[in-house]
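Comments concern the structure below.
Since every read-out is calculated from the coordinates, none of them should be taken as a lab result. Bear in mind the structure is a predicted one, so any value in this text is a computation, not a measurement. Every residue, glycine as well, gets a Cβ built from its backbone with ideal geometry; the counts of neighbours run over all protein chains shown.
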There are 2 protein chains.
Amino acid sequence: MTVHHQSGNDAPNKERIDAVRAFNRFYTRQIGLLDEGLLKSAFSLTEARVLYELAHRDGLTATDLGRDLGLDAGYVSRLLKKFERLHLISRSTLVSDARQSSIALTQAGRKAFAPLNQDSHDQIRALLDRLPASEQDRLVKSMQTVQRLLGENAEPRIPYLLRPLQIGDIGWITHRQGLLYAQDYGWDETYEALVAEILAAFVKSYDPKWERSWIAEREGEVVGSVFVVRKSDQVAKLRLLYVEHSARGLGIGKRLVEECIGFARAREYKTLTLWTNDILAAARHIYQAAGFKLIEEEPHHSFGKDLVGQNWNLDLLSSARA
Amino acid sequence: MTVHHQSGNDAPNKERIDAVRAFNRFYTRQIGLLDEGLLKSAFSLTEARVLYELAHRDGLTATDLGRDLGLDAGYVSRLLKKFERLHLISRSTLVSDARQSSIALTQAGRKAFAPLNQDSHDQIRALLDRLPASEQDRLVKSMQTVQRLLGENAEPRIPYLLRPLQIGDIGWITHRQGLLYAQDYGWDETYEALVAEILAAFVKSYDPKWERSWIAEREGEVVGSVFVVRKSDQVAKLRLLYVEHSARGLGIGKRLVEECIGFARAREYKTLTLWTNDILAAARHIYQAAGFKLIEEEPHHSFGKDLVGQNWNLDLLSSARA
DNA sequence: ATCATTTACTTGACTTAGTCAAGTATCTCC
DNA sequence: GGAGATACTTGACTAAGTCAAGTAAATGAT
């Protein structure tokens, strides 16, 4: 929870490295324990891993197996030969490449794999059973985070999605904005309080016909948000736009602002206005690109800093539609 | 972020089990990859693990090693014999038990272990280097969560600690209270908004001489909090007491209330008052035990529910000191 | 079209890491 | 003082995996 200003230095420090090493030792042992429980079967651990892959993916070749499980090619060859002898798999030479064949479990293969699979399933179930549901969720979430961060960094299928406000969001957004602006610009706790105040008022006086919020979610995590509130019949105000560092470059900020403009236009507001500070350069670029014009600037002392506040307006009547 | 009401059913569902199994497969491979990189050394993987243990812990016996690393006793015996032959370890029979001996790395042993250790360190460093610092932190945090949840559930050395408010806390507390009361009692988003409003006001008008907050932290995570605000010269008000489910039973609620009482007494308030709802039984027990008296009850409709609000007072002059 | 190179897989020969069971010395608990 | 447990050792063994050499097919450069 320590707030440290952005250092710009991403070098992994010793504590982090040691923590990862400690986890590796821990999990080596953990996997060892789980594997012990499965050793009574007729198959070795590696054989079971191969069967698992075959049961869950189609059209694998010997090379695929070796690569994905980290096995020696010769060893894979022998394993497959053994499986073939036991009629657990069938191979069909690929038409595209006569050297390779596509390997599939036979009916007998599936039957042999089933108890193995069940044992492993039961074992993990027993492991989870020791924890209450909320902790099970935390465990799974943490594992997925580890996997995503260490994995091939494949971009998620859906880069992000927008959804309306849910319970827990306004606290979360307050928390993140409070920390973010403290880290990036050294703002003090009064900014977080301001966010809390604005969001509390938004919920309390929420008028669904004239006001709206968008939460950007990525892989189940909130990575940005924006709010539109009614100032008058004619004027809507865009508030509290933010995007997490980790989700920048995906066009989320632009998209959020576009949603606001579209909503304001649909509700036939004449003007969309917003207040921001000149140091927030990334946001300013988005506003400018969307057609907002700077109306006035004024220095002020807030959040423990000397800042320059800016009011920007978008004329919804004259501005061209996207 | 889905809010589901407490089901009371902790049975691990299929998705969770599958997610854990997926993680195990992933990490088996991950460890395999890391191990490959270390195989050029003169020591086998298991030998390296044994050396690591010996380098980091004192007074180990052969049995300790076998148990902690999951190795066969005979195999450990042979490994140690080999290390002894190479003068990497020395054994000294325990005075308490002539069958066992305490094993320690010799100077030569440390020297042999150093490059292994460095390689492993460098490898993890390279792994982390691919991630920005913020993601490195998330990785480490997630790993620690996994380790804690799957580990021996050893109670942390320090069960919890109290600290003052920091940036990010009020948002976090709003988030957690919003979700907690939605899950447990079905309260709607207006409760979260109320929390946000109260906390925003607390920060904005904070008077350090007369007001205070306590955040309970456990293993780096916020697990509870309470606030005392000034109502008048004579009267202080305790607000927003909560403790996470995962941290209940540690006496944190009681301790937080005691801190409030101690503070109110030290500031020579005459009365400590609080408002709560009758369904919050756990909190009520704490207040009663601390000497609070129920002053009045009143039904009200808030947070989407019919509730019974209660005002409780503690007379700080007449009540006995703890 | 041809030939060198690479890739996919196979096979024989081998080693290593680990298991199992039987045995000795010592300790613990009645 | 003796039955049983524990800490380690040792001999006999084998499953698991490696390495290198080889074949057949595909690929890429001329």
Practice task
Select from B:Thr190, B:Val243, B:Tyr287 the residue farthest towards the positive end of the dipole of the stretch B:161-315; place +1 on Cβ of Lys and Arg, -1 on Cβ of Asp and Glu, and compute about the Cα centre.
Solution key: B:Tyr287
Completion exercise
Per residue of A:123-134, other chain Cβ atoms within 10 Å number on average 6
Fill in the blank from the handout: Relative to the compact-globule estimate 2.2 N^0.38 Å (N residues), the Cα gyration radius of the stretch A:14-150 stands at a ratio of 1.25
Practice task
Report the net charge of residues surrounding B:Lys204, where surrounding means a beta-carbon distance below 10 angstrom and charges are Lys +1, Arg +1, Asp -1, Glu -1.
Solution key: -2
Practice task
Report, to the nearest 10°, how far helix B:107-129 tilts away from the longest principal axis of the Cα atoms in chain B, using its own Cα long axis and a range of 0 to 90°.
Solution key: 50
Exercise for the section: Would you work out which of A:Gln107, A:Val308, A:Leu150 lies farthest towards the positive end of the dipole of chain A, given +1 charges on the beta-carbon of Lys and Arg and -1 on that of Asp and Glu, about the Cα centre? Expected result: A:Gln107
Fill in the blank from the handout: Rounded to one decimal in nm, the spacing of the 7 Å Cα→Cβ label points at A:Gln288 and A:Ala126 is 6.4
Practice task
Could you please report the charge total around B:Leu60, scoring K, R as +1 and D, E as -1 over all other residues with beta-carbon less than 13 angstrom from its beta-carbon?
Solution key: 0
Handout entry: Of A:Gly32, A:Ser96, A:Ala19, farthest towards positive along the dipole that unit charges on Lys, Arg, Asp, Glu beta carbons give the stretch A:14-131
Key = A:Gly32
Fill in the blank from the handout: Measuring from its Cα centre, chain B shows a charge dipole (+1 at each Lys and Arg Cβ, -1 at each Asp and Glu Cβ) which, in debye to the nearest 20, is 1080
Exercise for the section: With label points built 7 Å along Cα→Cβ from the Cα atoms of A:Trp210 and A:Glu152, find their separation and express it in nm. Expected result: 5.3
Handout entry: Dimensions (Å) - the protein assembly as shown, Cα atoms, principal axes, largest first
Key = 78, 72, 47
Exercise for the section: Treat every Asp and Glu Cβ in the stretch B:14-150 as -1 and every Lys and Arg Cβ as +1, leave all other atoms uncharged, and give the resulting dipole magnitude about the Cα centre to the nearest 20 debye. Expected result: 180
Completion exercise
In Å³ per residue, the alpha-carbon convex hull of the stretch B:95-172 encloses 231
Handout entry: Förster-model FRET efficiency, 51 Å R0, A:Arg248 and B:Arg248, C-beta, rounded to 0.05
Key = 0.85
Fill in the blank from the handout: Between A:Ala114 and B:Leu33, the two model label points (7 Å from Cα along the beta-carbon direction) sit apart by a distance in nm of 3.5
Problem - Cβ-defined net charge surrounding A:Ile17, 12 Å radius [Lys, Arg +1; Asp, Glu -1] - result: 0
Completion exercise
Measuring from its Cα centre, the protein assembly as shown shows a charge dipole (+1 at each Lys and Arg Cβ, -1 at each Asp and Glu Cβ) which, in debye to the nearest 20, is 1480
Problem - 10 Å binning of all Cα-Cα separations within the stretch A:161-315, expressed as whole percents from 0 upward - result: 11, 41, 40, 8
Problem - Length gained when the stretch A:Asn311-A:Glu258 is fully extended (0.36 nm per residue, less Cα-Cα span) - result: 17.3 nm
Practice task
With N denoting the number of residues in chain A, provide Rg(C-alpha) divided by 2.2 N^0.38 Å, to two decimal places.
Solution key: 1.41
